[in-house]
Amino acid sequence: MRNWNWRLISTHAILIVGVLFMSLPVWVAFATSTHSAEHILRNGLQIWPGGDFLSTYNEVLFVEGGVMKAVLGTTMLKNSLILGIGFAIGKVVISMLAAYAIVYFRFRLALPLFWIIFMTLLLPLEVRIIPSYEVVSGLGLLDTHVGLIVPLIASATGTFFFRQFFLSVPDELLEAARLDGATPWGFFIDILVPLSKTMIAAILIIMFVVGWNQYLWPLIMTTKEENYTLVIGIKQIYQILAEGGELPQYQKAFALTILATLPPVLVVLVFQNWFVKGLVESEK
Amino acid sequence: MKRVQFEHSAIPYLFVAPQIVIIVIFFLWPAAQAIYQSFLLEDAWGLSSQFVWFRNYADTILSESWLQAAGFTLVFSTLVTFLSLSLALLLAVKANEVIRGASTYKTTLMWAYAIAPPVAGLMGNLMFNPLIGDLYKFFNAIGWDFNHKLDSFDAGFVVVLISVWKQVSVNFIFFLSGLQGIPKSVNEASMMDCRSPTRRFWTITFPLLAPTTFFLMVINITYAFFETFGIIDTTTRGAPGGATNTLVFKVFQDGFRGADLGGSSAQSVVLMLIVLALTVVQFRFIERKVHY
Amino acid sequence: MSKVQLSNVTKTYPNGAEAVRGVDMEVESGEFIVFVGPSGCGKSTLLRMVAGLESVTDGQIQIDDRLINDVSPADRDVAMVFQNYALYPHMTVHGNMSYGLKNRGMPKQEINAKVVEAAKMLKIEDFLDRQPNQLSGGQRQRVAMGRAIVREPKVFLFDEPLSNLDAKLRVQMRIEIKRLQRRMNVTSIYVTHDQTEAMTLADRLAVINEGKIEQMGAPIELYNNPATLFVASFIGSPQINLLPAMFDGQYLSSGDLKLEGFVDLPQSKELVLGIRPDELRLSDDGQFPMRVDIVEQHGSDNLIYGAILGAEQESDEETEFCFKTSQDMLPELESNLTLGFDVDRALVFHKDTGERLR
């Protein structure tokens, strides 16, 4: 039994070290964000929370000039939410419709269209970034929500996911529905969408996180400060810090980091089971 | 495909139309542009351009800075893939073993998935800040003459560490679900056949995880190539002297900062080929998995 | 009350595979027809063509003299019970049963009345608010039937509806389906590969093989008078005993065995003699010497399996016969029996064509 106990202890020890490795940086970021700039500069990073939580977060969120020149933390929060939610919903709607057409209809261009959708896997934003920027600016969509969200939602991942799921739905359901007189649209709305509820929820969660965390595209798309998302704001505050000047406002940088991290982390934690299921299933 | 399908003329086209339209405008057209521009040479003011065949490719890809970036990308992605997979596998195996606190461990090990790479980058950047960063001070205190702003090894160390940290949780989720997918009876049979847990792991569990591992390798290489952009851009930005430039970061630098359209496009096309290769490998693998 | 007519119905898949090759059939009003055959014989395809789930390559399908080849499944006025039930998993039992009626625009009260009535008939009225995953296999089966019943269709189609149930439930549901069909008197077509199910349910049975109807008729007629070797060996359980043989004008011989009593058979052609297990009897002057291998006790009767000594061997295996007898007959293993049979009840087939000669 002795042996077994040592094994158990070492297992827990490894896991605890792992948890600390994963969590400590974020905790330190939070604890440090609750101290004053002077305190941080003098004493370095902090492991215990300080007394400046309210003043720092208040300034970051609500005071003009608190973090950026003009934009408030709340505005960036709002922009991030619009991007995250818009991206998630747009992606689910577009990919469900396309997957439905591809799986459930016999039509001449089905195969070529499937390959066009497949090709998006070969063309991540990073390899077409400059021409993409030109297209969006040519269409006058810079600094708009449409220009920010729409180009992101057409990639194949969601469509493949729903295609896979639809293929796993028994054929007999469609046959039964056809005998029951369901129209193509009726089958989609009455049977397929309710059937996919869990899958839709899982994809919404994953895509919210993916959308919220978008970096490169918003970075080149937004030129005005008022359109910054939190993730983009972070880059800006980094540059301000790097440029130096007066007393570096580290606590605000950390506060912004925490604000950018909190919503997606909460979503993942609250909907953990759906999220894991969706993530693991979608990659099959 | 389904055995029975609706036969309808217009409806399926209406359903796929939104996605196809967006793909054509924002994917295919820009990609075609990139390919086209990779064959053009613009003058310094962007007023005229001429068709130069593969000169851009020759100029950029044979240039010292591109080769340096390619070399770094190779080392970087190998390290990130190997380290984050090993760490995640270790944690997943341990988390799968414990009964008490299993769900707590699971939750606290996976939540970092939700953190954006640039956010992780900024956090890491501040940890390594020479003025306040404890990690920076710690490494110097233990006798390592650590300076990631000047020393390329140290800079590489920083981006690898942050990139690994960010990727462990995804790998952990997949490994854990892979481990939980191994039938209980197989584990029980192996317990009767083999006394040593370590040997059991390498002879039974690890081979059964092979499909997951292979799949994750592709995912991790893709991550190291592309998604680490946000980390590089918030930490070293290629410094010192381009030592931590990845290929993707270099495309962005040359295209946006350097305004070298032809060269940047040629690099993009090379990246497309790399993605193509990765995708082919992945699909080959999926085909194999079907026969498993 | 509707009749179904198939004339020269053919199904050829795009890859050239012929699933159904020219089937002609008339199903009378209120009749219970069973399609039976081995898997892949085309019986399901034929049923699905009647349902409208498969297109018809050639020929005509009519319900009440109305050509329905190109009518959509929903407008054919047929209802189908699927092998895996195909219940909509996210809808309640009530929702499942009412969906088809809703699509027809029937008023809510009327739908309700019909659903409740059908549910009572099937004894599932207590489960109307449950979802399929809260039901047992047998209950799901009833819901699937209820969904068909409420539509009040002209034709019921059953695609192996009992094969997902355990043996006991299968017998129970079999009786219930028969009772229900009698009561509602709706024309029904039922597909199965289980010959017991086929025999017990059918008014008329269609044995299908390689896309064609081998023989059609009342079950007992097919049992007693099979038209081909295929029908003879498919119908009947335990299976008919078969013995390769030749006729030389006087004897029907198989290996060293020379069987007497046969006349008017073609000479020097390969033949097959078929004798049902219950036609064999113990008799001292019998023509088959049998070495007992296995005795199966089924309760009311025993099945004795053994090698027919001296009979021609198809391959290295000895020719095995099955002999059905009463429960008190328990021979020793490896002991020898002598079995006799009634020549008038024996069947003889042409080996190559499968055609019955007598």
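Values in this text are rule-based calculations from the coordinates and carry no lab data. Since the model is a prediction, treat every value here as computed from it, not as a measurement. As a convention, Cβ positions derive from the backbone with ideal geometry for all residues, glycine included, and neighbour counts pool all protein chains shown.
The mean number of partner chain beta-carbon atoms within 10 angstrom of a residue's beta-carbon across peptide A:143-151 is 1.
Among all stretches of chain B without exposed trypsin sites (Lys or Arg not before Pro) (DSSP loop, at most 11 other Cβ atoms within 10 Å), which one is longest? That would be B:196-292. If one takes the longest principal axis of the Cα atoms in chain A, at what angle in degrees, from 0 to 90 and to the nearest 10, does the Cα axis of helix A:272-282 lie? Tilt of helix A:272-282: around 50 degrees.
Of the DSSP beta bridges with both residues in the protein assembly as shown, give the percent that are antiparallel, rounding to the nearest 5. Mind showing how you got there, number by number?
Values: 58 of 78 bridges.
Given both bridge residues lie in the protein assembly as shown, the antiparallel proportion sits at roughly 75 percent.
Residues whose amide H comes within less than 5 Å of that of C:ILE208, counting only those at least five positions distant or on another chain, are C:VAL36, C:GLY37, C:GLU214 (H built at 1.01 Å from N in the peptide plane). Along region B:144-155 the Karplus relation, 6.51 cos²θ - 1.76 cosθ + 1.60 evaluated at θ = phi - 60°, assigns HN-Hα couplings of 8, 6, 8, 8, 6, 7, 10, 9, 6, 5, 5, 5 Hz to successive residues, with x for each Gly and Pro.
Between A:GLU172, A:GLU64, A:GLU38, find the one with the highest GNM mean-square fluctuation for chain A; connect C-alpha pairs within less than 10 Å. In this elastic network of chain A, the residue with the biggest mean-square fluctuation among A:GLU172, A:GLU64, A:GLU38 is A:GLU172.
Of all DSSP beta bridges in region C:4-230, what percent run antiparallel (nearest 5)? Walk me through the numbers before you get to the answer.
Numbers: 19 of 37 bridges.
So the antiparallel bridges in region C:4-230 amount to around 50 percent.
If you place +1 on the Cβ of every Lys and Arg and -1 on the Cβ of every Asp and Glu, how big does the dipole about the Cα centre of region B:56-290 come out, in debye to the nearest 20?
Values: 16 positive and 14 negative charges, 184 e Å.
Here region B:56-290 has a charge dipole of around 880 debye.
Taking a straight line from the alpha carbon of C:LYS212, these lysines sit under 16 Å away, with near neighbours fewer than eight places off in the same chain left out: C:LYS11, C:LYS43.
In this structure, the amide hydrogen of B:PHE39, modeled 1.01 Å from its nitrogen in the peptide plane, lies closer than 5 angstrom to no residue at least 5 positions away or on a different chain.
The sum of -39500 (n - 2.57) across all DSSP H runs of n ≥ 4, divided by the residue count of the protein assembly as shown, sets its helix-only mean residue ellipticity at 222 nm to -16000 deg cm²/dmol. Using the Karplus relation 6.51 cos²θ - 1.76 cosθ + 1.60 with θ = phi - 60°, the per-residue 3J(HN,Hα) values for region B:116-128 come to 6, x, x, 5, 4, x, 5, 4, x, 4, 6, 5, 9 Hz, with x marking Gly and Pro.
Projecting the Cα atoms of A:ILE149, A:VAL92, A:ILE240 onto the charge dipole of region A:71-282 (Cβ charges, centred on the Cα centre) puts A:VAL92 farthest toward the positive pole.
Build a GNM of chain C with springs between Cα atoms under 10 Å apart, and of C:THR325, C:THR228, C:THR192 the one that fluctuates most is C:THR325. Listed values for region B:74-80 are Karplus-derived 3J(HN,Hα) couplings in whole Hz (6.51 cos²θ - 1.76 cosθ + 1.60, θ = phi - 60°), namely 4, 4, 4, 5, 4, 4, 4, and x replaces Gly and Pro.
The spread of Cα positions in region C:1-155, taken along each principal axis and listed from longest to shortest, comes to 47, 31, 27 Å.
Among the listed pairs A:LYS224/A:LYS252; C:LYS114/C:LYS178; A:LYS91/B:LYS166, no Cα-Cα separation exceeding 26 Å is found.
By the rule of a C-alpha distance below 23 Å, with chain neighbours fewer than 8 residues away ignored, the lysines paired with C:LYS108 are C:LYS120, C:LYS123, C:LYS154. With unit charges on the beta carbons (Lys and Arg positive, Asp and Glu negative) and the dipole taken about the Cα centre of the protein assembly as shown, which residue among C:PRO161, C:GLY299, C:VAL34 sits farthest to the positive side? Comparing the listed Cα positions along the dipole, C:PRO161 ranks first. Cross-link reach is defined here as a Cα-Cα straight distance under 13 Å, omitting same-chain residues fewer than 8 places apart; for C:LYS258 the aspartates and glutamates meeting it are C:ASP248, C:GLU312. The residue list A:TYR215, A:ILE258, A:PRO170 was ranked by how far each Cα lies along the charge dipole of region A:71-282 toward its positive end, using unit charges on Cβ atoms, and A:PRO170 comes out on top.
For C:VAL348, the amide hydrogen comes within under 5 Å of the amide hydrogens of C:GLY274, C:LEU357, C:ARG358, counting only partners 5 or more places away or on other chains and with H modelled in the peptide plane.
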